[in-house]
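Quick notes on the structure that follows.
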Amino acid sequence: MSPVRSERRGAVALLTLDRADALNALDRELIHDLEARLAELAPDAGVRALVLTGAGRAFAAGADIAQMRGMTPAEAEAFSRLGHRVFGALEALPIPTIAAVNGYALGGGCELACACDWIYASTKARFGQPEVNLGIIPGFGGTSRLARRVGLARAKEMVLTGAPLAAEEALRIGLVNRVFPPEELLAGALAAGEAIAVKGPLAVATAKRIMQEGQDIDPRVAHALEQHAFGLVFSTEDRAEGMSAFLEKRDPVFQGR
């Protein structure tokens, strides 16, 4: 059975990590399967948003320690490169991606959530980078994406102490966007995806790309990127439809052209 289940809820794709008996620990097989699922979604114009969640009590409780235990330094670096490649592919999707964190998101699980555009959490969610407890460091982006999300000092505190955070604390420091009762989490994430699905897909994809590219460059360059992209979207049929619908007081029907 595939360790990553893929479903469609209208224009929203739902991917579920499905190693519940292992708290969805990220082993090579699951990461490769996630890569395959992302490759299927990337060219599908009918998918307008992605929700990523976990089966059972965890989102993902971390990388698979049993598999990592016997790794040589070279094998460990290759494993890190695999995670970075796949999480980078998730981050680079042109559609918005929402992590619906239902339980433990520790180590690689926290890093996977941070590779999504934003995080919704259950009140039962727990976040952390506990790698120092094992004598290792984060290997799937925890030293970089986490700092961008919560600030360097907060990220250092999480990584260097290894202490977990409850959902409300994660919300307070900006790691999480919203917290839901457990039974409402998935519906809330899917509703956000559905709200995005009716927007102009080219505009959504362009805005996401420009924001991601702009966060690590000189503000003047970021502003220039925005100006150029703003002009480009005026060449689309979606722009004409959106403005016409607004002036005609009707709902727009975007075609992604």
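The values are calculated or read from the model by the stated rules, or taken from the named source; none is laboratory data. Computed from a predicted structure; not experimentally measured. Backbone-built Cβ (ideal geometry, glycine too); neighbour counts: all protein chains shown. All accessible areas refer to the heavy atoms of the entire protein, side chains included, with ligands and DNA or RNA removed. Shrake-Rupley method; radii C 1.70, N 1.55, O 1.52, S 1.80 Å.
Please pick out the residue among VAL198, VAL233, VAL221, VAL204 that is within 23 Å of ARG145 (Cβ to Cβ), surrounded by 13 or more Cβ atoms within 10 Å (Cβ to Cβ) and β-branched (Val, Ile, Thr).
Answer to the check: VAL204.
Could you please let me know if ARG28 is open to solvent by 30 Å² or more (accessible area, probe 1.4 Å), farther than 25 Å from ALA76 by Cα and in contact (Cβ under 8 Å) with a residue 12 or more places away in the chain?
no
Has segment 39-46 got at least one residue that is over 30 Å from ALA203 (Cα atoms) and surrounded by 14 or more Cβ atoms within 10 Å (Cβ to Cβ)?
Among the residues of segment 39-46, not one is over 30 Å from ALA203 (Cα atoms) and surrounded by 14 or more Cβ atoms within 10 Å (Cβ to Cβ), which makes the answer no.
Could we say that ALA170 is open to solvent by 40 Å² or more (accessible area, probe 1.4 Å), in a helix (DSSP H, G or I) and among the hydrophobic types (A, V, I, L, M, F, W, C) here?
no
Condition test on GLY231, is it at pLDDT 95 or above and either in a helix (DSSP H, G or I) or not small (Gly, Ala, Ser) (or both)?
Against the criterion (at pLDDT 95 or above and either in a helix (DSSP H, G or I) or not small (Gly, Ala, Ser) (or both)), GLY231 qualifies.
I need a count of the residues in segment 39-56 that are in contact with a Gly (Cβ under 8 Å, 6 or more places away or on another chain) and of a type outside the set (A, V, I, L, M, F, W, C).
Residues flagged as in contact with a Gly (Cβ under 8 Å, 6 or more places away or on another chain) and of a type outside the set (A, V, I, L, M, F, W, C) within segment 39-56 amount to 3.
Looking at THR72, THR97, which is the one that is under 19 Å from the mean Cα position of the chain (by Cα) and over 17 Å from ARG19 (Cα atoms)?
THR97
Mind telling me which of the residues ALA105, ALA99, ALA155 ends up being part of a helix (DSSP H, G or I), touching a helix residue (DSSP H, G or I) at 6+ places or on another chain (Cβ under 6 Å) and open to solvent by less than 30 Å² (accessible area, probe 1.4 Å)?
Details: ALA105 fails: part of a helix (DSSP H, G or I); ALA99 fails: part of a helix (DSSP H, G or I).
Of the residues listed, the single one that is part of a helix (DSSP H, G or I), touching a helix residue (DSSP H, G or I) at 6+ places or on another chain (Cβ under 6 Å) and open to solvent by less than 30 Å² (accessible area, probe 1.4 Å) is ALA155.
From the list LEU171, LEU175, LEU185, LEU190, pick out the single residue that is touching a Ser or Thr at 6+ places or on another chain (Cβ under 7 Å) and touching a residue at least 40 places away in the same chain (Cβ under 8 Å).
That would be LEU185, the only listed residue that is touching a Ser or Thr at 6+ places or on another chain (Cβ under 7 Å) and touching a residue at least 40 places away in the same chain (Cβ under 8 Å).
Quick grid of which residues meet (1) acidic (Asp, Glu); (2) more than 23 Å from ALA13 (Cβ to Cβ):
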{"residue": "GLY174", "(1), (2)": "no, yes"}
{"residue": "ARG178", "(1), (2)": "no, no"}
{"residue": "ALA187", "(1), (2)": "no, no"}
{"residue": "ALA203", "(1), (2)": "no, no"}
{"residue": "ASP216", "(1), (2)": "yes, yes"}
{"residue": "PHE246", "(1), (2)": "no, yes"}
{"residue": "PHE254", "(1), (2)": "no, no"}
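I'm told LEU50 meets every condition in (1) open to solvent by less than 10 Å² (accessible area, probe 1.4 Å); (2) assigned to a strand (DSSP E or B); (3) without any contact (Cβ under 8 Å) to a residue 40 or more places away in the chain except one. Can you identify the failing condition by its number?
Failing condition for LEU50: (3).
For residues that are closer than 30 Å to PRO94 by Cβ, surrounded by fewer than 22 Cβ atoms within 10 Å (Cβ to Cβ) and among the small types (Gly, Ala, Ser), tally how many sit in segment 57-78.
Qualifying residue count, segment 57-78: 1.
Condition first: farther than 18 Å from ARG145 by Cβ, at pLDDT below 95, in contact with a helix residue (DSSP H, G or I) (Cβ under 8 Å, 6 or more places away or on another chain) and of a type outside the set (Phe, Trp, Tyr). Can you find one or more residues in segment 38-45 that meet it?
Within segment 38-45, one or more residues are farther than 18 Å from ARG145 by Cβ, at pLDDT below 95, in contact with a helix residue (DSSP H, G or I) (Cβ under 8 Å, 6 or more places away or on another chain) and of a type outside the set (Phe, Trp, Tyr).
Over 18 Å from GLY141 (Cβ atoms), surrounded by fewer than 13 Cβ atoms within 10 Å (Cβ to Cβ), of a type in the set (Lys, Arg) and without any contact (Cβ under 8 Å) to a residue 60 or more places away in the chain: is that true of ARG8 in this structure?
Yes: the conditions hold for ARG8.
Checking the condition surrounded by 14 or more Cβ atoms within 10 Å (Cβ to Cβ), touching a residue at least 40 places away in the same chain (Cβ under 8 Å), part of a helix (DSSP H, G or I) and in contact with a His (Cβ under 8 Å, 6 or more places away or on another chain), which residue from LEU112, LEU34, LEU82 passes?
Answer to the selection: LEU82.
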